[in-house]
Amino acid sequence: MKILLVYPQYPDTFWGFKHALKFIFKKAAFPPLGLLTVASMLPLKWERRLVDLNVSNLNDREILWADYVFLSAMAVQRESAKTIIARCSSLGVKIVAGGPLFTTEYEAFPAIDHFVLNEAEITLPQFLRDLEMNCARRIYTSDQWPDLSLTPLPQWNLIKPNLYNSMAIQYSRGCPFDCEFCDIVVLNGRTPRTKSREQMIAELNALKNRHRKGSVFIVDDNFIGNKNKLKSEILPAIAQWMQQNKHPFSLFTEASINLADDDALIDLMVKANFKVVFIGIETPNAESLTECGKYQNKNRDLVASVQKLQNAGLQVQGGFIVGFDNDPLSIFENQIKFIQNSGIVTAMVGLLHAPPGTKLYKRLKTENRIKREFSGNNTDFSTNFVPKMQMQNLLEGYHNIISTIYAPRQYCERVITFLKNYHPVNFSGFRLQFAELCAFIKSIFVIGLNPKGKRYYWKLMLWTLFKKPRLFHMSVTLAIYGFHFRKIVEQYSKLLVSKSA
C-alpha cells in the first residue's frame, strides 16, 4: 500500500510569520506533527511520503503514485483542503481525512471517501483493520479519550527539518477550563491526558539525533493542565536532559494565566529551558470574561501576572479577542492600553468566532445568530455570527487596535517595556549565531532603511545596545516580527476597505 500524507497550506495570517521567516530562509513555522505521528501508526510494510504545502508544491505525479491520500487539516486550512480534495477526486485517488476540520464538519465534504475522526490512536487502527479486510466504512469516530501512552514517536524522516523554524512535540491533550468560545474541550476533553517522562525524553532524543538545534514548540493547548505531574516528574526530567545535552533546544508552549500563581512551576519551567509561553488573555473587560467563562483570568491584576512571568525569564505572547456581547465601545482603546502597558510584544488580536461544537456556537445557534461557516481565521475582518455591537463599529475598532499596536512607534515602545521587565536565565551572553547575523543584516536593509519605520528600528537597536546588550539578538528578532505584523495589517486593511465600499 502506498500512502501520501498531505498537509494543506495556511493562509497568510499573524500566526504564519511568513514575512519574518524570509529573514532566516525558512519556509514554515512548524512541521505537520499530527501527520508525522499518523505516519508512524501505519503498517511497517506500507510505503509513505509526506507533502506539506507550506514548504513545497503538490504535483499530480505524487497524487497518482498513492493508493490513498491521507489529509489532515484545521479549519483555517479549509480552502487549501478543498483544492486538494478536488484534485484527488479528478485524478481518481481515494482520500482519507481526519483532524479538527473534518472531526467537527465532516458533513461539508461529500467527496471524501473515508473519515478517520477524533483521536487517531483509537479510530485509525479500526480503519486500517477494515481496510486490510476490504470492508472499510466511510466514517470512523469515537467518544473515548485515548491514553497517550499509545502515541508513537513522529516519523521525522519524512520531512526536511531545515525548512522549518521550530520543531514540535506534544505532551498533553485536554484542558481543565471550559471557555465558551474554545473547541479544545470538544476535540480533546477537559481532563488533561499526558505522556510519560520516558516518552518525553524519547521525543527530545529523537529530535536531537537528527542533529537539530533551536526551538521546540510543545503544542499542548494548556501545558500546565496537570501541574502535579509536571512538577514531580516531567519538568525535572527535561531540566536534567537539557543540562546533560548542553541545552540544545529552547522550549515554548501555551498555558493559562494561573501559571503566574505557582512560583515552583515557573522556576521548573525556566530550569527546563522554556523561553516563551503563549497565554490567552482575551480581554481586560471583566464582564466579557464572565460571559465567555474565562474565570481563571478574573479577579487578578493581569498586567502584574504577565510581568511576573517576564521577570522570571518567560517571554509572554498573548491572545486577545474583541466582539464579545458585553464589549463596550471603549473596549478597543482599553485593549490598546492593556497591550502597551503589559509589554506583550507578540499580541495576537482577533475577532470572536464561534467554532462548531462549542458552547458559544450552540448558544448563538439557538439565538439564530450563526450566519456562515467557521473559517478558523479571526484576523480577516469577518465573523461567523451576528455580533451585538454594530458590525461597522466592531470592524473599525478592531482595525484601530491592530494598526495601532503594530505601528512602528507603539511597537518599539512595547518591545522596550518588555525588555526592561525581562530577566532571562540559562543565557549565553551577547553573540549572534550565523542565521541571526544574516537576519540582522537583512533587517537593516528591509526595515532600517525603510522611511516608514527606520526611526524606531534604530531607536530600538541603539537602546538595546546601551541598556540591554545581551538581548540584542532578541531585539532583532522582535523587530522582524513587527515587520511581519505590519505586512499582515496592510494586507487585511484592504479587506476592510473593500467591505466598506
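Every read-out reported here was derived from the displayed coordinates using simple, explicitly stated rules and does not represent laboratory data. Remember, it's a predicted structure, so these values are computed and weren't measured experimentally. Here the Cβ positions follow ideal geometry from the backbone for every residue, glycine too, while neighbour counts run over all protein chains shown.
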Give me the number: length gained by fully extending residue 142 to residue 56, i.e. 0.36 nm times residue separation minus the C-alpha to C-alpha distance, one decimal in nm.
27.6 nm
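Using the membrane-span-like helix rule (whole DSSP H runs, Cα extent along the own axis of at least 24 Å, mean Kyte-Doolittle hydropathy at least 0.0), which helices of the chain qualify?
Details: long enough: 472-500 (42 Å, 0.30).
Those that pass (Cα extent of 24 Å or more, hydropathy at least 0.0) are 472-500.
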What is the spin-label model distance, in nm, from residue 91 to residue 375 if the labels are put 7 Å beyond Cα along the C-beta direction?
2.9
If the label point is 7 Å along Cα→Cβ of residue 491, which residues in region 68-99 have backbone nitrogen under 20 Å from it?
73-84
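Of the beta bridges DSSP finds with both residues in the chain, what % are antiparallel, to the nearest 5?
On the way: 3 of 48 bridges.
In the chain, approximately 5 percent of DSSP beta bridges are antiparallel ones.
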If you average the C-alpha positions of region 431-495 and of region 262-304 separately, how far apart do those two centres end up, in angstrom?
28
Sort by residue number and name the cysteines in the chain that have no neighbouring cysteine Cβ under 4.7 Å.
88, 135, 175, 292, 412, 438
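Using packing as a proxy for protection, rank 440-451, 283-294 so that the peptide with the highest average count of other Cβ atoms within 10 Å comes first. Please list the in-between numbers first.
Details: 440-451: 15.6, 283-294: 18.7.
Most protected by this proxy first, the peptides run 283-294, 440-451.
If packing is taken as the average count of other Cβ atoms within 10 Å, what order do 94-103, 312-321, 144-153 fall into, highest mean first?
Values: 94-103: 23.2, 312-321: 21.7, 144-153: 14.8.
The peptides rank, most packed first, as 94-103, 312-321, 144-153.
Tell me the mean residue ellipticity at 222 nm calculated for the chain from its helices only (DSSP H runs of n ≥ 4, each -39500 (n - 2.57), averaged over every residue, nearest 500). Walk me through the numbers on the way to the answer.
Values: 19 runs with 207 residues, N = 501.
After summing the helix terms and dividing by residue count, I get -12500 deg cm²/dmol.
Pop the C-beta distance of residue 49 and residue 135 into the FRET formula with R0 = 41 Å and round what comes out to the nearest 0.05. The partial results should precede the final answer.
Working: r = 26 Å, r/R0 = 0.64.
After rounding to 0.05, the efficiency reads 0.95.
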Entries of 82/452; 213/494; 337/452; 337/454; 308/371; 229/362 with Cα pairs more than 31 Å apart
82/452; 213/494; 308/371; 229/362
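What does the extension gain come out to for residue 232 and residue 326, with contour length at 0.36 nm per residue minus their alpha carbon separation? Present the calculation step by step, with values, prior to reporting the outcome.
Working: separation 94, 0.36 × 94 = 33.84 nm, distance 4.07 nm.
Answer, rounded to one decimal: 29.8 nm.
Sort 5-17, 461-473, 159-171 by the packing proxy (mean of other Cβ within 10 Å over each peptide's residues), most packed first.
Values: 5-17: 21.7, 461-473: 15.2, 159-171: 19.5.
Packing proxy ranking, top to bottom: 5-17, 159-171, 461-473.
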Give the lysines whose C-alpha is closer than 16 Å to that of residue 467, dropping any in the same chain fewer than 8 places away, or say none.
420, 459
Between the alpha carbon centres of region 188-232 and region 53-129 the gap in Å comes to 27
Efficiency of FRET from Cβ geometry, residue 107 and residue 459, R₀ 60 Å, rounded to 0.05:
0.65
If a paramagnetic tag sat 7 Å from the Cα of residue 149 along the Cα-Cβ line, which residues of region 183-226 would have the backbone N under 15 Å from that point?
193-200
Theoretical gain in end-to-end length, residue 243 to residue 400 [0.36 nm per residue, Cα-Cα removed]:
52.0 nm
Please give, to one decimal in nm, the separation of the simple spin-label points placed at residue 304 and residue 434, each 7 Å out from Cα toward the Cβ.
4.9
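As an exercise, use a Förster radius of 56 Å and the Cβ-Cβ distance of residue 362 and residue 466 to find the FRET efficiency, rounded to the nearest 0.05.
Working: r = 55 Å, r/R0 = 0.98.
Calculated value: 0.55.
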